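To start, the structure under review is shown below, and the notes come after it.
The values are calculated or read from the model by the stated rules, or taken from the named source; none is laboratory data. Just so you know, these numbers come straight off a predicted model, no measurement behind them. Every residue, glycine as well, gets a Cβ built from its backbone with ideal geometry; the counts of neighbours run over all protein chains shown.
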Amino acid sequence: MKYISTRGDKSERSFCEILLEGLAPDGGLYLPTDYPRIDAITLNAWRGLKYHELAFEILSLFIDDIPPADLRALVTKTYTPEVFGSVEITPLKPLEPGLYLQALSNGPTLAFKDMAMQLLGNLFEYELKRRDQTLNILGATSGDTGSAAEYAMRGKRGVKVFMLSPKGRMSPFQQAQMFSLQDANIHNIAVEGVFDDCQDIVKAVSNDLAFKRAHRIGTVNSINWARLLAQVVYYFAGYFQATESNAQQVSFAVPSGNFGNICAGHVARMMGLPIRQLVLATNENNVLDEFFCTGTYRVRGSAETHETSSPSMDISKASNFERFVFDLLGRDGTRTRQLFKTEVEERGAFSISAAEFARLKDYGFVSGTSTHTDRLATIRNTHERFNVIVDTHTADGLKVARQHMQPGVPMIVLETALPAKFAETIVEALGIQPPRPTGMEHIENLPKRFVVMPISVSEVKAYVQAHA
């Protein structure tokens, strides 16, 4: 299996080459040269596998430069009941006939990002040891990626983490999870802007090839293919739990800001998983919903990016979206580069043609928007009817999922985080504090370690250079 850039560079690279690299040298994102197709016999054989066994089967289709025994050991070490709280790892929780939550948030940082980040930490450590190299990870977070990355990388041999976050725009719990870490290899940088400013800085540094190579810069954001690949596994796991045979289809509803989580669903569908619909749910920052309704992708500036009660989706420039558009355009790297490099960067928007827009239906995507009022109503309704408390992002997913349910097709809503991370809104909706896991009762009171910076590529570079 080889990988190419979405922006036209057809140089083929192996998995371990792109694992440590992040963005391609031409600024594009990596995708496999083709998606492996899963036939009915294989799908049926996978149905009874444990999660770590399923992960090995799927990952081994995309990774051929790690010996199978080593890869199996890595995934077995990663996906354990001790880390993720259950034998199923991502169990389905039925709400009503045909509607499920898939529990993805029982890892160390209480968010779905742990599902991929725990594996990424083990992969990084393995490959760096094999090469006798070090890596400086530069990432951006709107809330959950940062803590998941830092908890996965703390203490890892040869790895330092530099995590950018928008100052004052995460929940107090999210902020405390990151800033309370005292590990010497963890560096938190609070940027005086929004998430998109942080993401732009990471991309700018990654596009400075001389700096990137001199300081061995890698990334854990979902622009890293390995992270997205790990997320493909739980779509298969959810499908097997919701169905009895391969003749059945399911739909997945996914709260989405950066398009990484739902892009993994797109990959699973391209592999042949029987997915009827991929239901994309946005909050008030509904750039992606606008695209799937109109064919126009219009990014927003900092002033237009709403600060909402589902802050991990307060994103107006979805970095993973380029992967899907590349597929939608028939893998035309030149046209993809024109849209994202020229039109987005110069005009802040692009529109696809009528013929291209018509092809959207072939990929199963539908979408919708959820507001703060919707979130409160969904949290109340879910608690009253099912005695289940959901977090604000999962509430967005549930609200939009109900708009697209079809008779006879199970709808699986991907849980984004545990409600403890967004207590203020839970109290507003229900009048009660959400439960907290043992050991996290007073996390906001722990000492914090971070630096504050303006929106400046040069200052971030100088900080990395000084602490790498």
key: Close pairs from segment 329-343: first within 13 Å of residue 9 (Cβ to Cβ) and in contact (Cβ under 8 Å) with a residue 60 or more places away in the chain, partner assigned to a helix (DSSP H, G or I) and not aromatic (Phe, Trp, Tyr), Cβ under 7 Å, at least 6 apart   = 336/322; 336/325
Residue 33 among the hydroxyl-bearing types (Ser, Thr, Tyr), out of contact with any helix residue (DSSP H, G or I) (no Cβ under 7 Å at 6 or more places or on another chain) and within 16 Å of residue 4 (Cα to Cα) = yes
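Does residue 91 satisfy being over 30 Å from residue 279 (Cβ atoms) and surrounded by fewer than 20 Cβ atoms within 10 Å (Cβ to Cβ)?
Values: over 30 Å from residue 279 (Cβ atoms): no; surrounded by fewer than 20 Cβ atoms within 10 Å (Cβ to Cβ): yes.
Spelling it out, it is not the case that residue 91 is over 30 Å from residue 279 (Cβ atoms) and surrounded by fewer than 20 Cβ atoms within 10 Å (Cβ to Cβ).
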ask   = So which pairs qualify, if the first residue must be in segment 349-371 and modelled with pLDDT under 95, the second must be exposed (fewer than 14 other Cβ atoms within 10 Å of the Cβ) and among the acidic types (Asp, Glu), the Cβ gap must be under 8 Å, and the two must be at least 6 apart or on different chains?
value = none
note = Within segment 200-218, residues crowded, with 24+ Cβ neighbours inside 10 Å and hydroxyl-bearing (Ser, Thr, Tyr) come out as none
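Here's the yes/no breakdown for (1) part of a helix (DSSP H, G or I); (2) free of Cβ contacts under 8 Å to residues at least 12 places away in the same chain:
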| site | (1), (2) |
| --- | --- |
| 8 | no, no |
| 18 | yes, no |
| 31 | no, no |
| 58 | yes, no |
| 61 | yes, no |
| 65 | no, no |
| 69 | yes, yes |
| 73 | yes, yes |
| 90 | no, no |
query = Within segment 391-414, is even one residue over 25 Å from the mean Cα position of the chain (by Cα), of a type in the set (D, E, K, R) and at pLDDT 95 or above?
reply = no
ask   = Applying the selection to segment 127-147, what residues are assigned to a helix (DSSP H, G or I) and crowded, with 20+ Cβ neighbours inside 10 Å?
value = 127, 128, 144, 145, 146, 147
message = I need the full set of residues from segment 75-84 which are β-branched (Val, Ile, Thr), assigned to a helix (DSSP H, G or I) and over 20 Å from the mean Cα position of the chain (by Cα), in order please.
response = 76
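Determine, yes or no, whether residue 173 is closer than 25 Å to residue 59 by Cα, under 21 Å from the mean Cα position of the chain (by Cα) and aromatic (Phe, Trp, Tyr).
no
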